[in-house]
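Inspection log for the structure reproduced underneath, given as C-alpha cells.
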Amino acid sequence: MKKTSNEKTSFKTPRLAVEITGVRFKNPVLTASGTYGYGLEFASFMDLNSIGGIVTKGLSMAPFKGNLPPRIYETASGMLNAIGLQNIGAAEFVKKKLPELRNYNVNIIVNILGFEVEEYLEIARFLNDCPGIHALELNISCPNVKRGGFHFNKNPKDSARITAEVKKAAPRLPLWVKLSPNVTDIREFARACEDSGADALSVINTLVGMAIDIEKRRSRLRFMTGGLSGPAIKPVALRMVWETCQVVKIPVIGIGGITSTEDALEFLIAGAKAVQIGTANFYDPAVSERVAHGLAQYCASHHIEDINEIIGSLRPYE
C-alpha cells in the first residue's frame, strides 16, 4: 500500500543493526584486517563507536616482522601489498591493545594466522579465554608468505580440516573463515568450510598480482608478487560474494574494493550480511564512518525501516 504524506513525515530512524553468528552489530560496516591496524590508530580520525566492528590486523602467537621492503605499490585503481603478516603477537595485543579497545562500543573481531596447524590452534586457544573479543576471523588466504595459511586454501579438504580444528580449539567464539579468490571455484571452499563448522565467511581476500619497474627490470615488490586490493577488484569480489551466498546458509561478509555507500549497498543487495572496508582506509581514514552514515541516509530516503530488508534483495530480470 502506498504511504501517505503523513506516514512519510512520521518515518522513524532506520534500524541498521544486523546479527552475525549470535553477535549484534549496530550497523553492517566493519574494517578489513590489515588495513586498519589494531583499530586504535584511527581513533583520532573518526569515531570508532560509529561502526559495527573492527577486524584487527592479522595476529600470530609470536611477533612476526613480515617481508622486507619494498612491499607496497600503488596500481591503477588499486594497490599491491606484500607486507607478509607483520604483527605484534597475540600476547602483546591482549596486554596493550585489547584493554583500550574494550573502552569503545564496537565489536572486535581478531584475525588469526599461523604457519602450521598447531600455530593456528595455539592462538585460537589463547584468544578463546580473552574477554572483549566477539569473533575470530581465520586467515587461510594470505598470498604474501612462502609458507603457512595460504596452502590451506588450495584444496577444499584442507580448508575444511583447519576450520574444524580451529573451531574445536576455540568453541566460545564464533569463527569466520576468510576465503581466497585465488581458487578455481570459491563455492567449493565455502561449502567445505560451512560443513566443517564455520559460523560465517569473509569473502574475499586479495588477488595475486604483480608490477614491474621497467628501468630496473625488477618487481616493484621484493616478494615478487603481492595481494591486489582496492576498487580494481570490486567486480570480482562482488561476483564471488553473490556466488557464495547462493550455496551457503551461514552469513557472508563482503570485502573487496568498497569505497562508498553505493559500493556497500551493492554487496548487501548481493546477499552479504555485512561489509568490510579495506584499502580505502589508507587514503580516507574516516571512510567507514561515512559509509555507515550513508547507509542510514539511504534507508531513510527510500523509506526502508530495517536494513535487513536490503540484504539479499537482488532482483532477477523477468
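Under the shape rule built on the C-alpha gyration tensor, where the axes satisfy a ≥ b ≥ c, the stretch 62-216 is oblate, since a/c reaches at least 1.5 while a/b does not exceed b/c. Only helices enter this figure: runs of n ≥ 4 DSSP H residues, each worth -39500 (n - 2.57), summed and divided by the residues of the chain, yield -8000 deg cm²/dmol at 222 nm to the nearest 500. Based on alpha-carbon atoms, the Kirkwood radius and the radius of gyration of the stretch 190-243 give Rg/Rh equal to 1.17.
Its Cα gyration tensor gives the stretch 235-314 an equivalent ellipsoid; the semi-axes, largest first and in whole Å, are 20, 17, 9.
For the pair Glu215 and Val117, the difference between a 0.36 nm per residue extended length and the Cα-Cα distance amounts to 31.1 nm.
From the Kirkwood radius over Cα pairs of the stretch 52-148, Stokes-Einstein at 25 °C and 0.890 mPa s returns a whole-number translational diffusion coefficient of 171 µm²/s.
Over the chain, Cα pairs under 8 Å with separation of 6+ residues give a relative contact order of 21 percent. Computed over neighbours whose Cβ is under 11 Å from that of Ile88, the net charge equals +4, Lys and Arg +1, Asp and Glu -1. Could you calculate the contour length gain from Thr225 to Asp306, that is, 0.36 nm times the residue separation minus the distance between their Cα atoms, to one decimal place in nm? So the extension gain works out to 24.9 nm.
Listed values for the stretch 170-176 are Karplus-derived 3J(HN,Hα) couplings in whole Hz (6.51 cos²θ - 1.76 cosθ + 1.60, θ = phi - 60°), namely 10, x, 6, 9, x, 10, 9, and x replaces Gly and Pro.
Here is the list for the stretch 51-111: trypsin sites (Lys or Arg not before Pro) lying in DSSP coil, each with at most 14 other C-beta atoms within 10 angstrom of its C-beta, are Lys65, Arg102. When Ser229, Ser180 are arranged by Cβ crowding within 10 Å, least crowded first, meaning fewest neighbours, the order is Ser180, Ser229. Each listed q (0.12, 0.19, 0.21 Å⁻¹) maps to a log10 I(q)/I(0) for the stretch 131-271, found by the Debye formula over equal Cα scatterers with no solvent: -0.51, -1.10, -1.25. If Rh is defined by the Kirkwood formula over all Cα pairs and Rg also comes from Cα, what ratio Rg/Rh do you get for the chain? That ratio is 0.97, to two decimals. With contacts taken as Cα pairs under 8 Å at a separation of at least 6 residues, the stretch 83-241 carries a relative contact order of 19 percent. Geometric descriptor of the stretch 204-280, per residue, is 96 Å³ (volume of the convex hull of the Cα atoms). Centroid-to-centroid, using Cα positions, the stretch 77-97 and the stretch 54-71 are 3 Å apart.
The loop-placed chymotrypsin sites (Phe, Trp or Tyr not before Pro) in the stretch 212-318, going by DSSP, that have at most 11 neighbouring Cβ atoms within 10 Å of their Cβ come out as Tyr317.
As a rough footprinting exposure proxy, the listed residues Cys299, Cys245, Cys193 were ranked by other beta carbons within 10 Å of their own, and the order from fewest upward is Cys299, Cys245, Cys193.
For the residue pairs Lys157/Lys273; Lys157/Lys178; Lys65/Lys167; Lys154/Lys273; Lys57/Lys96, the alpha carbons lie more than 20 Å apart in Lys157/Lys273; Lys65/Lys167; Lys154/Lys273.
Quick note: the coordinates plus some simple rules give every number you see, no bench work behind them. Only a predicted model underlies this, so the values are computations on that prediction, with no experimental measurement involved. Here Cβ is always computed from backbone atoms with ideal geometry, including for glycine, and neighbour counts include all displayed protein chains.
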